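Since the structure comes first, as structure tokens, the remarks are kept for the end.
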Amino acid sequence: MRSAKDSVPVPQASGGAFSAVWWPLSQPSTPARPVEEAEAAAIRVVETHAQGADNVMPGSLADQAWAAASANAWAEHDEDKITIGDVLTVRKNIVVNKLRFDTYLAAVIKGGLASQLQHHLPSPTFKVQEPLLVATKSTHLRSAMAIPVIDFSRLDGDDRAAAMAEIAAGFEEWGFFQLVNTGIPDELLERVKKVCNHCYKLREEGFNTSNPAVMALASLIDQEGEGLAMRKVEGMDWEDVFTLQDNMPWPSIPPTFKETMMEYRRELKKLALKMLGVMEELLGLDEGHITKVFSKDGDFEAFYGTKVSHYPPCPRPELVDGLRAHTDAGGLILLFQDDRVGGLQVLGRDGLWADVQPVKNAIVINTGDQIEVMSNGRYKSAWHRVVAIREGNRRSIASFYNPARAATIAPAIPAADDSSTGADYPSFSFGDYMDVYLEQKFQDKKPRFTAAAAMTKKTMN
């Protein structure tokens, strides 16, 4: 007899109603029925619900797919109980586009406890607006999965707990997610697109004639014409970039650029502070703790800067990086990316690159190295990159809410795996960390932490 103690309840579709299917957490022998049969059953479930659906629960669709697949694949093998391992095997052969159940899967991977599963269930309010199903058996499964998209407005409603759980999973499992309905007016975001595009047109000739990556690639192409072996451009990015800070000169053309971008930065800073508050709540920190650390107890202003980038079309994208893989040095990063041209990718925990799909007027959130330290590794900064592309000019507006250089960064919570072991990360001055980062940005981050700590310790002595 199966019991709740040994199993995880998951809803199953039955004539439009839900019933419970119990998946034991034990590890019995492998069922005899093939995974392909389970995959086909799951596809049928999702296709059925995709017909005419305009307001469905992604978590439930995923649950139904798994439950139906499992039930169909192993119905004749009662002696072979269905396990979490079996479910994950089925899951590896099913890719459901636009169904945000990575958070659900993450909970299963963490241990399969019913309490975790309930905590990580996606919200029932996500709108399905595009075809749901893309089936694949690619070995690069992660690259076909979507970064979570979360409705930020749900934090102010009855669905707050579910939204907080999704954000927590986004921080923990990806280090990246997208927010929609952030409260920033669409009209302002449209103006931001317009003035930044206009600004690049004024810079385009300079990019094409003097950017080091452009010149290096042109030289390689000339060598190819001479029959010489080709090699990738190293140490350069196919990127046009300039930065904005309140105390620095701003572009004067177009005339509305400064007014528009200052308004945008004000709105985005409000969102940044809200997200830091959410993070403090999720980590169990006192309200205002992160901002207090970033400002060194209010003695300094936290750094807030914006980087405006464009990644123009590249004739040989296989030979140059749009932006080399790296983690961000600071605290919280808020990106307003192009809603038509992709190219941003995040490295998943499985070692595969996942596209951050363009979503109109969404704000992409990711955490930097300082949040990894403060969270003691719970919210790790994610490796990410921009790939060069042949067609399309990708716009990217990244804003960074970072500690002041004088701020001291240290773990604020115990280590996640064993709180009795103390801090896994060292403490250091953010200024020292930035000095190291500028030299080692595209290298492993762990030696950066160690080097910064050594520098700070030497200064203190």
Exercise. Got at least one residue in region 445-460 being over 28 Å from ASP297 (Cα atoms), touching a residue at least 40 places away in the same chain (Cβ under 8 Å) and either over 23 Å from the mean Cα position of the chain (by Cα) or not in a loop (DSSP other than H, G, I, E, B) (or both)?
Worked result: no
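For region 374-397, give me each residue that is among the small types (Gly, Ala, Ser) and farther than 18 Å from PHE177 by Cα. Talk me through it step by step, then tell me what you get.
From region 374-397, those among the small types (Gly, Ala, Ser) are 375, 377, 381-382, 388, 392, 396; that's our starting set.
Residues satisfying the conditions are ALA388, GLY392.
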Exercise. Out of all the residues in region 347-369, which are at pLDDT below 95 and in contact with a Gly (Cβ under 7 Å, 6 or more places away or on another chain)?
Worked result: ALA354, ASP355, GLN357, PRO358
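Would you confirm, using the coordinates I've provided, whether GLU372 is farther than 28 Å from TRP250 by Cβ, modelled with pLDDT of 95 or more and out of contact with any strand residue (DSSP E or B) (no Cβ under 7 Å at 6 or more places or on another chain)?
Working: farther than 28 Å from TRP250 by Cβ: yes; modelled with pLDDT of 95 or more: yes; out of contact with any strand residue (DSSP E or B) (no Cβ under 7 Å at 6 or more places or on another chain): yes.
Yes, satisfied.
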For this session: May I ask you to list the residues in region 181-202 that are touching a strand residue (DSSP E or B) at 6+ places or on another chain (Cβ under 6 Å) and either open to solvent by 30 Å² or more (accessible area, probe 1.4 Å) or of a type in the set (Gly, Ala, Ser) (or both)?
Result: ASN181
Seminar exercise, completed: Restricting region 294-321 to residues that are open to solvent by less than 30 Å² (accessible area, probe 1.4 Å) and among the hydrophobic types (A, V, I, L, M, F, W, C), the one nearest to the chain's Cα centre (by Cα) turns out to be VAL308
Problem set entry | Spans of strands (runs of 3 or more DSSP E) in region 322-407 with at least 1 residues open to solvent by 10 Å² or more (accessible area, probe 1.4 Å) | 332-337, 344-347, 353-355, 384-387, 394-402
Problem set entry | Filtered residues of region 380-410 (kept if aromatic (Phe, Trp, Tyr) and in contact with a helix residue (DSSP H, G or I) (Cβ under 8 Å, 6 or more places away or on another chain)) | TYR401
For this session: Filter region 245-265 for residues that are in a helix (DSSP H, G or I) and of a type in the set (S, T, N, Q) and give the result.
Result: THR260
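From the list THR367, THR306, which one is in contact (Cβ under 8 Å) with a residue 40 or more places away in the chain, in contact with a Leu (Cβ under 6 Å, 6 or more places away or on another chain) and of a type in the set (S, T, N, Q)? It would help to see each step written out before you state the result.
On the way: THR367 fails: in contact with a Leu (Cβ under 6 Å, 6 or more places away or on another chain).
So the residue among THR367, THR306 that is in contact (Cβ under 8 Å) with a residue 40 or more places away in the chain, in contact with a Leu (Cβ under 6 Å, 6 or more places away or on another chain) and of a type in the set (S, T, N, Q) is THR306.
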Exercise. Does ILE290 meet the test of being within 28 Å of GLN357 (Cβ to Cβ), open to solvent by less than 20 Å² (accessible area, probe 1.4 Å) and among the hydrophobic types (A, V, I, L, M, F, W, C)?
Worked result: no
Problem set entry | Filter result for THR260 (of a type outside the set (D, E, K, R), modelled with pLDDT of 95 or more and within 26 Å of the chain's Cα centre (by Cα)) | no
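Looking only at region 218-233, decide whether some residue is more than 19 Å from VAL308 (Cβ to Cβ), open to solvent by 40 Å² or more (accessible area, probe 1.4 Å) and basic (Lys, Arg). Can you show your working first?
Our first condition is that a residue be more than 19 Å from VAL308 (Cβ to Cβ); within region 218-233, this holds for 218-233.
Remaining after also requiring open to solvent by 40 Å² or more (accessible area, probe 1.4 Å): 218-219, 221-232.
Filter once more, keeping what is basic (Lys, Arg): 231-232.
Checked against the condition, which is being more than 19 Å from VAL308 (Cβ to Cβ), open to solvent by 40 Å² or more (accessible area, probe 1.4 Å) and basic (Lys, Arg), region 218-233 yields at least one hit.
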Exercise. Here is a list of conditions, (1) open to solvent by 80 Å² or more (accessible area, probe 1.4 Å); (2) free of Cβ contacts under 8 Å to residues at least 12 places away in the same chain, and SER210 meets all of them except one; can you say which number that is?
Worked result: (1)
For this session: Name, by its number, the condition in (1) at pLDDT below 90; (2) of a type in the set (S, T, N, Q); (3) within 24 Å of the chain's Cα centre (by Cα) that does not hold for THR182.
Result: (1)
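The values are calculated or read from the model by the stated rules, or taken from the named source; none is laboratory data. Given the structure is predicted, the values throughout are model-derived calculations rather than measurements. Cβ: placed from backbone, ideal geometry, glycine included. Neighbour counts: every protein chain shown. Remember, those area values only see protein heavy atoms, side chains included, never the ligands or the DNA or RNA. Shrake-Rupley method; radii C 1.70, N 1.55, O 1.52, S 1.80 Å.
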